[in-house]
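Enquirer: I'd like to ask some things about the structure below.
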Amino acid sequence: MSNRVYSDEDKEHAIRIWQKRGVTAASREIGCSTQTIYNWVDEAGLRNYQDRESVYQHKKERLNYHLMERVYFLLRMMKSPVEAVATYKESITHYHLDLPSAQDQKNYAIAISILLDRIALREGDPTSRVEAIDANIMDRKLLDLANELADRAKGDDMQELPSETDISQILRDFEDENTGDTSGDSP
């Protein structure tokens, strides 16, 4: 704000305001930046960084709570009756729908998904993306795997059943075939 030099009394007064009403109030009353107030508080050794972490955690929890409130609100809206108004030339028609339109419900679902993704990301959890795989190809591959297991089980020499690692490799090969990835670990 300015290059003004503040007295020790100004600094002490700012710290007292910070303790009672927060950094913004202290900054406004003294006429300096919030960072200057924080610097004075740090010099006085009054700012506890563990407290700051708990304040951050509290704010994060509060924001997640508000996001979940919005999710519940949107879920209720998906099932709520709708009063609608249609106008044509000079006439106004009011009508009642038991449920929102399919498009509105789709929009609610998209909004809910976005809110849930935000919550997951804020918690450090990854969000997932689902890829469509041709069900017929997957069914054939699983049938082949089941037949291979059956053949091994009824063989004369009673070979060992494939291990979990073998099954994982077969599934990785399948994914590589269907995504075009040739960099897999397959032999």
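Enquirer: State yes or no: is L74 in a loop (DSSP other than H, G, I, E, B) and touching a residue at least 12 places away in the same chain (Cβ under 8 Å)?
Expert: Spelling it out, it is not the case that L74 is in a loop (DSSP other than H, G, I, E, B) and touching a residue at least 12 places away in the same chain (Cβ under 8 Å).
Enquirer: Can you tell me which of Y72, Y95, Y56, Y65 is within 30 Å of S113 (Cα to Cα) and in contact with a strand residue (DSSP E or B) (Cβ under 9 Å, 6 or more places away or on another chain)?
Expert: Only one candidate qualifies: Y95.
Enquirer: If C32 satisfies every condition in (1) of a type outside the set (V, I, T); (2) outside any loop (DSSP other than H, G, I, E, B); (3) in contact (Cβ under 8 Å) with a residue 12 or more places away in the chain but one, which is the exception?
Expert: Condition not satisfied by C32: (2).
Enquirer: From the list S54, S101, pick out the single residue that is free of Cβ contacts under 8 Å to residues at least 60 places away in the same chain and under 30 Å from K11 (Cβ atoms).
Expert: Answer to the selection: S54.
Enquirer: Just give me the residues in segment 11-37 being more than 18 Å from R47 (Cβ to Cβ) and over 37 Å from the mean Cα position of the chain (by Cα), in sequence order.
Expert: Across segment 11-37, the qualifying residues are E29, G31.
Coordinate-derived values only; no laboratory data. Because the structure is a prediction, the values reported are computed rather than measured. Ideal geometry is used to build each Cβ from the backbone, glycine not excepted, and the neighbour counts take in all protein chains shown.
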